[in-house]
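Report on one structure; see the data block that follows.
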Amino acid sequence: MGKSSLIALAALAACASPASDAVAPRTVERAEQNQPIGTHTPQNPTVDMCRAGELQWLVGKSRTEIPVPVDVVNRRVACTTCPVTEDYSPQRLNIFFNEQTQIVEQVRCG
């Protein structure tokens, strides 16, 4: 048997040894203990990251009363039956109005 064959056999033996099986649980355990920080998802789901609470007064009002936003990137105005993307962004303010009556029905984050 050549030197390269012996090295390959040694590598295979190392992979199959019980010692390598013990590494995986320790790695998983360390990963679970060292969770990433700085996520965009609030720890408390009641946190009003988009500040929807400030515009709850719009519910029941005409859509013409929706103030022009300063930050257009984080605000979406759509009718309740209109297609919108389903991605969730806790910083985005959604204002949904009834297409027929033009009355605001929901103000929420998402």
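Please arrange L55, L93 by how many other C-beta atoms lie within 10 Å of their C-beta, fewest to most. Before the final figure, lay out the partial values.
Details: L55 19, L93 22.
Starting with the residue having the fewest Cβ neighbours, the order is L55, L93.
Residue separation times 0.36 nm, minus the C-alpha to C-alpha distance between V84 and W57: what's the value?
Working: separation 27, 0.36 × 27 = 9.72 nm, distance 2.31 nm.
7.4 nm is the gain from fully extending V84 to W57.
Provide the gained length on full extension for the span V68 to I103, in nm with one decimal, where the gain is 0.36 nm per separating residue minus the Cα-Cα distance.
Working: separation 35, 0.36 × 35 = 12.60 nm, distance 1.65 nm.
Gain in length upon complete extension: 10.9 nm.
Can you sort C109, C82 so the residue with the fewest Cβ neighbours within 10 Å comes first?
Ranking C109, C82 by Cβ neighbours within 10 Å, fewest first, gives C82, C109.
Fewest first, what order do I95, I103 take by the number of other Cβ atoms within 10 Å? Could you put the intermediate results ahead of the total?
Details: I95 21, I103 16.
Final ranking by Cβ density, sparse to dense: I103, I95.
Percent of alpha carbon pairs in the range 57-100 separated by more than 18 Å?
Numbers: 276 of 946 pairs.
Here the tail beyond 18 Å accounts for 29 percent of pairs.
Computed from the coordinates by the stated procedures, all read-outs in this text should not be read as laboratory data. Keep in mind it's a predicted model, so treat the numbers as computed, not measured. Using ideal geometry, Cβ is built from the backbone for each residue, glycine included, and neighbour counts are taken over all protein chains shown.
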